[in-house]
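Beneath this line is the structure, given in structure tokens, with notes to follow.
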Amino acid sequence: MPRIGDMVTDLVRIAGAGHVLVDEESRSAYSRDKSPFPGRLPDVVVRPADAAEVSAVVRLANARGLSLLPRGAGFSIAGFPPVEHAPTVFLDVRRLDRVVEIDEVNMTVTAQAGILTSALDAAVAERGFQVHTVAVPIRHTTLGGVLSGVFGGGIPLDSCAVGLTGQHVLAVKVVLPNGDLISTNAGGANRHRTSSTLFDGDGPLLTPMFIGDGGSFGVKVEATLSLTPAARFTHADAWLVPDLDSAWRAVRELSRLRELPFTWLSASLGWLPVSQESSWELDVVAAAGDKRVLDVQVEILERTLTSCGASKASAERRALSREFAVPGAAWTRQIVDLDRALLAFVFGNRDFCDGLRAVRGLLDQRFAERDLAALGLGLRTVWSPLTRHAVYTSISLTYDGSVPGAREETARLAREAYTLVSELGGYSEPHQGEVAGILARSWSPAYERLVAGLKATLDPNRILNPGLWEE
Ligand SMILES: Cc1cc2nc3c(=O)[nH]c(=O)nc-3n(C[C@H](O)[C@H](O)[C@H](O)COP(=O)(O)OP(=O)(O)OC[C@H]3O[C@@H](n4cnc5c(N)ncnc54)[C@H](O)[C@@H]3O)c2cc1C
């Protein structure tokens, strides 16, 4: 095993003394994420300034047998890979935080992977554009962390209409586990091309290989995403329906329309303090570049929802719906500043109702068996269509971190629920930490051999996120 002192000397040579953290207080700040899963104290943290320094750290890890865990903002919802290899170096990419180019002609943006998603969104908004990043934790997550740690590269604010963030990624620049820097489009897949405008196209689709890889195939240093003209006009409202079947019927009716009249549509029960406990609430957001288009969308929404038996919620609830239409303080209060496990998963339309009932059924059963409410645990469910084909569900498993055992019990329940989702054929949101291992249990032997073969080819010394897809 390499001596920590030698490793630190080498890392300082690469990144400079101020960017190699060895004191316990600094390392502790990296030891937890936003989940109840167990933390991990790194031996050293290194904060490279650019792709060349990332590459030098990766080469050093190969030479000295170090484990590297790429790290964005640490907002992961699944802890760390359960298999530990010492010494562990956390590679914090947040100094790579620049917008490289906003190309208004090609309508693309290229940014470094450590940029906060809110900074990226703000930079393109200034030029009248929108980029699909994330919804809720926009001020807390990095571009590289979302592209790596969430299935499909992330769930943007308007995922109901536009799908997953990865569908809008045109190219990634990645430091491979051997230290090579590759681009999957301009400058790489075609070295004569100067800008990436179409999704791959020069060979096999390699960009998606680095999306949702949990950071095990390479360290992302840059990505190019497509831009959309920003919506100038928006509408948000809250509606009530009597039960789950009515909420599902309304969502299906709206999703069947040729032109979707919404960018966001979600159903929840007792989710907000002012919610009516007995009714399901539908929150709807519509957005358009032209006021006349928005008016037509609102008219279609109101007609369709009314025909499905929905009625408008209370004035107070409708005002909150407008506040929640934009990620900000309301979302932070409601779900970011909470002790909770996030159980987030997707089922295809056909399996959604049975899948949701099965997962909720398991949780309700465990609550009763183990008297979890007495331990301070609670459940909040919200679901929304993910394009026309599938449904995203988020169950917040809240707990009181000051109650002994509550965090561990929540983590245990989250593992059990994610196992059930996977066994039912659902998609789990996190592709990181412990949940990646749970997902891999459902892989067929042939698929497992393929992924293991790719990993062995790219990373023969297993330096990058070792054990991520293992248990
Ligand atoms: C309250 C809350 C709400 C959320 N809501 C949403 C949402 O609306 N939409 C959504 O998409 N997600 C959401 N998430 C999930 C969150 O976006 C992901 O957990 C994301 O991975 C966190 O990004 P990060 O920068 O903090 O990454 P980290 O937590 O630092 O890392 C996550 C994973 O990515 C890897 N990684 C990080 N950076 C890189 C890199 N540059 N190269 C390679 N691998 C890397 C890490 O090794 C790790 O496996 C939410 C999370 C929370 C806590």
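Among the numbered criteria (1) small (Gly, Ala, Ser); (2) open to solvent by less than 20 Å² (accessible area, probe 1.4 Å); (3) farther than 25 Å from HIS389 by Cβ, which single criterion is violated by SER255?
Evaluating SER255 over (1) small (Gly, Ala, Ser); (2) open to solvent by less than 20 Å² (accessible area, probe 1.4 Å); (3) farther than 25 Å from HIS389 by Cβ leaves (3) as the failure.
Tell me, which strands (runs of 3 or more DSSP E) wholly within the stretch 37-155 include 2 or more residues that are at pLDDT 95 or above and within 11 Å of the ligand (Cβ to nearest atom)?
67-71, 88-92
Suppose we filter ARG191, ARG232 for residues that are among the basic types (Lys, Arg) and under 30 Å from ARG322 (Cβ atoms); which single one remains?
Going through ARG191, ARG232 in turn, the sole match is ARG232.
Test VAL346 against the stated conditions and say whether it is among the β-branched types (Val, Ile, Thr), more than 30 Å from SER422 (Cα to Cα) and either exposed (fewer than 14 other Cβ atoms within 10 Å of the Cβ) or under 19 Å from the mean Cα position of the chain (by Cα) (or both).
Considered against the rule, which asks whether it is among the β-branched types (Val, Ile, Thr), more than 30 Å from SER422 (Cα to Cα) and either exposed (fewer than 14 other Cβ atoms within 10 Å of the Cβ) or under 19 Å from the mean Cα position of the chain (by Cα) (or both), VAL346 comes out as no.
Let's see how each residue does on (1) out of contact with any helix residue (DSSP H, G or I) (no Cβ under 9 Å at 6 or more places or on another chain); (2) of a type outside the set (Asp, Glu); (3) open to solvent by less than 30 Å² (accessible area, probe 1.4 Å):
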residue: LEU68; (1), (2), (3): no, yes, yes
residue: SER76; (1), (2), (3): no, yes, yes
residue: PRO81; (1), (2), (3): no, yes, yes
residue: ASN106; (1), (2), (3): yes, yes, no
residue: VAL109; (1), (2), (3): no, yes, yes
residue: GLY114; (1), (2), (3): no, yes, yes
residue: ASP121; (1), (2), (3): yes, no, no
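Can you name every residue in the stretch 17-42 that is in contact with a strand residue (DSSP E or B) (Cβ under 9 Å, 6 or more places away or on another chain), charged (D, E, K, R) and open to solvent by 50 Å² or more (accessible area, probe 1.4 Å)?
LYS34
Select from the stretch 192-217 the residues that are open to solvent by less than 60 Å² (accessible area, probe 1.4 Å) and either within 16 Å of the ligand (Cβ to nearest atom) or aromatic (Phe, Trp, Tyr) (or both) and list them in ascending order.
THR207, PRO208, MET209, PHE210, ILE211, GLY212, ASP213, GLY214, GLY215, SER216, PHE217 - these are the residues of the stretch 192-217 that are open to solvent by less than 60 Å² (accessible area, probe 1.4 Å) and either within 16 Å of the ligand (Cβ to nearest atom) or aromatic (Phe, Trp, Tyr) (or both).
What's the total number of residues in the stretch 316-331 that are touching a residue at least 24 places away in the same chain (Cβ under 8 Å), more than 16 Å from the ligand (Cβ to nearest atom) and not small (Gly, Ala, Ser)?
Qualifying residue count for the region: 5.
Within the stretch 283-304, identify whether any single residue is in contact (Cβ under 8 Å) with a residue 40 or more places away in the chain and within 16 Å of the ligand (Cβ to nearest atom), and answer yes or no.
Yes.
Would you mind telling me which numbered condition in (1) surrounded by fewer than 17 Cβ atoms within 10 Å (Cβ to Cβ); (2) at pLDDT 95 or above LYS220 fails?
Unmet for LYS220, out of (1) surrounded by fewer than 17 Cβ atoms within 10 Å (Cβ to Cβ); (2) at pLDDT 95 or above: (1).
Within the stretch 123-133, how many residues are more than 16 Å from ALA171 (Cα to Cα) and buried (at least 18 other Cβ atoms within 10 Å of the Cβ)?
So the count comes out to 3.
Any residue in the stretch 425-442 that is without any contact (Cβ under 8 Å) to a residue 40 or more places away in the chain and within 11 Å of the ligand (Cβ to nearest atom) sitting within a Cβ distance under 7 Å of a residue that is open to solvent by less than 30 Å² (accessible area, probe 1.4 Å) and assigned to a strand (DSSP E or B)? List the pairs, counting only those 6 or more apart or interchain.
Hits for this filter: zero, empty list.
The values are calculated or read from the model by the stated rules, or taken from the named source; none is laboratory data. All of these numbers come straight from a predicted model, not from anything done at the bench. We place every Cβ from the backbone using ideal geometry, glycine too, and count neighbours over all the protein chains shown. Each accessible area value is taken on the protein alone, full model and side chains, heavy atoms only, with ligands, DNA and RNA left out. Shrake-Rupley method; radii C 1.70, N 1.55, O 1.52, S 1.80 Å.
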